[in-house]
Amino acid sequence: MKSHSAETEKGNLLIVDDTPDNLRLLSATLGDRNYEVQCAINGKLALMAVKNNPPDLILLDIKMPQMDGYEVCSTLKTMPEAAEIPVIFLSALDDVLDKVKAFSVGGVDYITKPFQVEEVLARVENQLTIRRLQRQLKHQNSRLKQLNEDLKRSNQELEQFAYIVSHDLQQPLQTITGFAELMLALKSQIQFEEEAEEYVLPILDEGMRLQELIKNLLHYSRVGTKRHPFEMADCNVLLSETLANLHLAIAESGAIINYDELPTVFGDRVQLGQLFQNLIGNALKYQRPGVPPKVTISAVKKDEMWQFGIHDNGIGIPAEQGDRIFQIFQRLHTSREYPGNGIGLAICRKIIDRHGGRIWVESEVGTGTSFYFTLPTG
Ligand code: ADP
């Protein structure tokens, strides 16, 4: 029976040798150092001992009748319960030790007889340390895997939750803003007082702001839940669609837009369109007062990825805020200064994560901002 006293925590060793004197000497040496020791005088008994009480390490004599050490070791490596137990071969100095064979059948080290106690102890301790570290690594890996799965699941649940809540909020909000609009439209017929209009207007304004927020929250949760398969997507087409969607903002601000010939990338067409829309929309929105936006879109190939840049001449972003702005609801301005809800860049980062790329910002306050992102070449 395996003992779990503190003393035997040093390790459980199996010594296999057909010479009783050798067995006695080794087991006494190791037992004195608080290792738990099992002994076997031939290969067959060794395999049985491993099955009954798998040790942490095996010291295995090579030259034995019937089943030699090489054969025992090869058999051990085929047993699921024993395959990972390290085997140190024991060989007499006058034996011809086939080192290549010893390693090729799965041995990790060898010791020659007659033994030098310090050498035996050092080699045993080395292998036990490696084994302990391997076990720890395996344990940590499976724990990390579990944590990763938990995280993935709770992220999915959160996305689902955000989706359902936003979706269910849409309907009543539409009713509220719809009636506010109706009241304003029919104000002459329903004897609408001047003062009442002042109350209804904020209902409409705030209602519409809330609608925009909910729409963006839905977009955010959909990056994870509503995925389109990846396909080859021509970014020139995506860009011209984006510019068409933004034509009002471009015309109103007097923006100048320049762009290179863009590549074709492998990704989710809908999400990539949204990415362009959010970044170019911001480049137009965060303009310096009285300075018409100048936006340049570029793409260069770097390390097997396409690196895109959206450059503007707007208000800029302080260097210390560069990471924060990619988090959801993080804004650097009030909505009075610049309308918005702080979801756009969080959506961009999620989209880029899904495409295996990277997104970052470089900026100078009062001069302009460059957003960069990378996408696989396909
Ligand atoms: P929103 O624009 O709705 O606030 P975003 O997530 O798109 O949300 O952006 C987060 C914040 O990052 C913005 O509030 C703004 O302060 C800053 N920002 C984003 N793009 C730019 C830009 N091109 N120039 C200056 N500031 C920007």
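The values are calculated or read from the model by the stated rules, or taken from the named source; none is laboratory data. Everything numeric here is computed off the predicted structure, so don't read it as measured data. We place every Cβ from the backbone using ideal geometry, glycine too, and count neighbours over all the protein chains shown. All accessible areas refer to the heavy atoms of the entire protein, side chains included, with ligands and DNA or RNA removed. Shrake-Rupley method; radii C 1.70, N 1.55, O 1.52, S 1.80 Å.
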Discussion item. Given the options GLU118, GLU84, GLU71, name the one that is of a type in the set (D, E, K, R) and closer than 18 Å to ASP17 by Cβ.
Written reply: GLU71
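Among the residues in region 256-271, are any touching a strand residue (DSSP E or B) at 6+ places or on another chain (Cβ under 7 Å), open to solvent by 20 Å² or more (accessible area, probe 1.4 Å) and within 15 Å of the ligand (Cβ to nearest atom)? Step through it out loud before you land on a result.
From region 256-271, those touching a strand residue (DSSP E or B) at 6+ places or on another chain (Cβ under 7 Å) are 256-260, 262-267, 269; that's our starting set.
Then drop every residue that is not open to solvent by 20 Å² or more (accessible area, probe 1.4 Å), which leaves 256-260, 264, 266, 269.
With the extra rule that they be within 15 Å of the ligand (Cβ to nearest atom), the set shrinks to 257.
Looking through region 256-271, at least one residue is touching a strand residue (DSSP E or B) at 6+ places or on another chain (Cβ under 7 Å), open to solvent by 20 Å² or more (accessible area, probe 1.4 Å) and within 15 Å of the ligand (Cβ to nearest atom).
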Item to complete: Pull up region 327-345, narrow it to residues that are among the hydrophobic types (A, V, I, L, M, F, W, C) and crowded, with 20+ Cβ neighbours inside 10 Å, then point me to the one that is farthest from ASP268 (Cα to Cα).
Response: ILE343
Worksheet entry | The lone exception for ILE111 - which of (1) surrounded by fewer than 15 Cβ atoms within 10 Å (Cβ to Cβ); (2) in contact with a Lys or Arg (Cβ under 7 Å, 6 or more places away or on another chain) it fails | (1)
Discussion item. Whether any residue in region 131-154 is over 30 Å from GLY224 (Cβ atoms), touching a residue at least 40 places away in the same chain (Cβ under 8 Å) and open to solvent by less than 60 Å² (accessible area, probe 1.4 Å) is what I want to check.
Written reply: yes
Worksheet item: Within region 317-344, how many residues are more than 6 Å from the ligand (Cβ to nearest atom) and at positive phi?
Response: 1
Worksheet item: Listed residues ILE280, ILE352, ILE317, ILE325; which is part of a helix (DSSP H, G or I), closer than 29 Å to GLN211 by Cα and touching a Ser or Thr at 6+ places or on another chain (Cβ under 7 Å)?
Response: ILE280
Worksheet item: Residue check: is SER142 assigned to a helix (DSSP H, G or I), modelled with pLDDT under 90 and either small (Gly, Ala, Ser) or assigned by TED's automatic domain parsing to the domain that holds LEU57 (or both)?
Response: no
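Please count how many residues of region 293-304 are open to solvent by 70 Å² or more (accessible area, probe 1.4 Å) and on the phi < 0 side of the Ramachandran plot. Don't jump to the end; show me each part of the working.
The initial filter retains those residues of region 293-304 that are open to solvent by 70 Å² or more (accessible area, probe 1.4 Å), namely 294, 300-304.
Add one more test, that the residue is on the phi < 0 side of the Ramachandran plot, and what stays is 294, 300-302.
Counting residues in region 293-304 that are open to solvent by 70 Å² or more (accessible area, probe 1.4 Å) and on the phi < 0 side of the Ramachandran plot gives 4.
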Item to complete: Could you give me the residue pairs with C-beta distances under 7 Å whose first residue belongs to region 316-340 and is of a type outside the set (Gly, Ala, Ser), whose second residue is open to solvent by 50 Å² or more (accessible area, probe 1.4 Å) and not in a loop (DSSP other than H, G, I, E, B) wherever it lies, and which are 6+ apart or on separate chains?
Response: PHE326/ARG349; ILE328/TYR220; GLN330/ARG324; TYR338/LYS285
Practice prompt. Scan GLN170, GLN156 and give me the residue that is closer than 30 Å to ASP205 by Cβ, assigned to a helix (DSSP H, G or I) and not assigned by TED's automatic domain parsing to the domain that holds GLU36.
Written response: GLN170
Worksheet entry | Filter result (open to solvent by less than 60 Å² (accessible area, probe 1.4 Å) and out of contact with any strand residue (DSSP E or B) (no Cβ under 9 Å at 6 or more places or on another chain)) within region 220-236 | TYR220, SER221, VAL223, GLY224, THR225
Discussion item. Please go through region 277-292 and give me each residue that is open to solvent by less than 60 Å² (accessible area, probe 1.4 Å) and either farther than 13 Å from ILE351 by Cα or away from the ligand (no atom under 13 Å from the Cβ) (or both), ordered by number.
Written reply: ILE280, GLY281, ASN282, ALA283, LEU284, TYR286, GLN287, VAL291
Worksheet item: Does region 25-37 contain at least one residue that is in the same structural domain as ALA102 (by TED's automatic domain parsing), in contact with a Cys (Cβ under 6 Å, 6 or more places away or on another chain) and surrounded by 13 or more Cβ atoms within 10 Å (Cβ to Cβ)?
Response: yes
